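Here the structure is laid out as C-alpha cells; the discussion comes afterwards.
The values are calculated or read from the model by the stated rules, or taken from the named source; none is laboratory data. Treat the numbers as computed from the prediction; the structure is a model and nothing was measured. Heads up, the Cβs are rebuilt from the backbone with ideal geometry, glycines too, and the neighbour counts pull from every protein chain shown. Surface accessibility is based on the protein's heavy atoms, side chains included, excluding ligands, DNA and RNA. Shrake-Rupley method; radii C 1.70, N 1.55, O 1.52, S 1.80 Å.
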Amino acid sequence: MRGFHYGTGDRGSMEVDEHTLVVPTDQKKGTLVKVLFEPNARLSDSITYDITAWSLPYAYGMEAVATEGRVALQDSPSRDTAPSAGIQKGAYAHLTDWNSMKDARFLADLIKAGIRVRRSEQAFQQAGKTWEAGTLIITRGDNTHLEDLEGELRNLSEKHGKLLSPARTGLVESGRDFGSGYVGMISGVRVALLSGEPTSTLRFGEVWHFFEKQLHYPLTVLEGEYLDGTDLESYDVLILPGGWGYGSFLNAERKAKLKEWVAAGGRLIAMGGALSHLGGEGGFDIQRKETGESDQTSLPSYSGTRRDRIKEAITGAIFKTRVDPTHPLAFGYGDTYHTLKLGSSAYELPGRGTVVSLGDAPRPVAGFAGSEALKKLPGSLVFGMEAHGQGEVVYMADNPLFRGFWENGKLFFANALFMVE
C-alpha cells in the first residue's frame, strides 16, 4: 500500500496482510477519522492555549500509511475460543516479548502473584527464534516456591492475551545464556508519588491514573509537606511529577536527603518542571540548555508583544527523536520515537546517560514550535538516566503519560519502574 508514510513524513509504502488494521474515511464518522489521523493540523493562528498535534499513529507508535486509493476490506474471522497460551508442563522456562503496555500489565500481575521473572539485557536466539532485549524469562528454578506455576501462568496469560513460548534449556544459540549476568531478576518495587504544593494536580493525576487504572500496580501518595518526616527507606522508587513549585520546595536540605536516599539504592523519577531544580549547587548533574543570543534588533510594539512571546513557546508539538535501544530504559523500542513536547524547556545530561534525545536540527513533524524555542533544542534530553551511588535518577523532560492518551510513551515509564537497575 502506498501513500503518506507517517514514519518518514513523506510518500512511501507498507506491506499489508490479514492482520492490518484499515480505517476507512468513507463512513458516517469519516470526518472524525480524518481529524484523528491528520499528520499535521493547519493552524490559522499560532496563538493557541492547547496542544497543536495529536495524530494517532504518532501517539500509538504505529507504522501507518494514509492513502487515497481504495482498499479491499473483509470482516475479521470470528474466534470461538481463545488461542492457546503456550504453557508447557515441566518446561525449563517460559518466554514472552516486551514491547507494549499489555506486557507491562502482565508483568505487574506476575509480580503481584509472587512469580519471579527475569529479563534479558541483550537480544538472543533460541530454537531458531530471535528474542529482543527486554524479553521476559520465567524459569521453573526461580519459582519452586509455587505449587502450580503452570496454572498461574495460564490464568494470567489468558487474562492478558499473552502467548508464552516454552524453553527446554537455558542455553541459547546466540547471545547470552539464561544463567549469565545479562539476564537479571526483575524486582517488585515499592513506589511513592509526591503530591501537594510543588506538583501540578494535572501532572499528579496522570501518574496516579497510570498506576491505578492502566498498570494496576500499588502506589503510595506522599504529601509534599510531610516529606521531611518521611522515611524514604520504605520505598524503592519516588516519583516527582511535573509542577511549578519545585523552586522553593527543592531546597538544599531536601536535595541532600534525596541524594542520600538515591546513593543508598533508591530510584528517583523526575518529570517535567521537577528537572529544573534538581541540578545546581548540591544537586544532581541535570542542567538546563539555554538559547543563543536573541536576534531582536528593535523594540516590539505593545500590540505585538503576545505574538512575539509565542516565538519562545512550543504548544504540544510532535518531534521525532533518536533512541538508544540498548539501554534498559528503552527496551521494547526501536531507534526512533515520536515525543509530544509541551514546552520549550531543554536539558542536557553529560556522559552516557542520554537515552532519548532530539537531533542536531530538530523540527516538529506536527504542531507549532516557535523559532526562538527551536534554537535551544538541538541535542537536548528527552529521557535519560544518571547513576548516583547504588541508585539512579531517571529524567523525563517530556511527559510520556500526558492526559493518558500518548500510548507510545507509557512503556518508557514501565521501563523506569521495572527494567532499569
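Solvent-accessible area of the stretch 114-176 (1.4 angstrom probe, protein heavy atoms only): carbon and sulfur portion equals 43 percent. Taking every C-alpha pair closer than 8 Å and separated by at least 6 residues, the mean separation divided by the residue count of the stretch 150-246 gives a relative contact order of 32 percent. Computed on the chain, with alpha-carbon pairs under 8 angstrom and 6+ residues apart, the relative contact order is 16 percent.
In the chain, the DSSP beta bridges split such that about 75 percent are antiparallel, to the nearest 5. Amide H contacts of T220 (H built 1.01 Å from N, in plane; Pro and chain starts excluded): V191, A192, L193 sit under 5 Å, all sequence-distant by 5 or more or on other chains. Simple spin-label estimate for T326 and S371 gives 4.1 nm between the two label positions (7 Å along the Cα-to-Cβ direction from each Cα).
The stretch between V189 and L202, if pulled fully straight at 0.36 nm per residue, gains 2.3 nm over its current Cα-Cα span.
Mean-square fluctuation check for the chain, GNM, Cα pairs under 10 Å: which of L95, L250, L146 is largest? Most flexible of the set in this elastic network: L146. For the stretch 104-109, backbone phi angles converted through the Karplus equation (6.51, -1.76, 1.60; θ = phi - 60°) give residue-by-residue couplings of 5, 5, 4, 4, 4, 6 Hz, Gly and Pro being listed as x.
Peptide packing for 404-413, 27-36 was compared via the average number of neighbouring C-beta atoms within 10 Å per residue; ordered from the highest value, the list is 404-413, 27-36. Here are a few candidate values for Rg and Dmax of the Cα atoms in Å: (1) 20.5, 59; (2) 21.6, 70; (3) 23.2, 78. Which one was actually calculated from the structure I just gave you? Label of the calculated value: (3). A Gaussian network model of the chain, with springs between Cα atoms under 10 Å, assigns the largest mean-square fluctuation among Y246, Y395, Y92 to Y92. Largest GNM mean-square fluctuation among I51, I269, I137, using the chain with Cα springs under 10 Å: I51.
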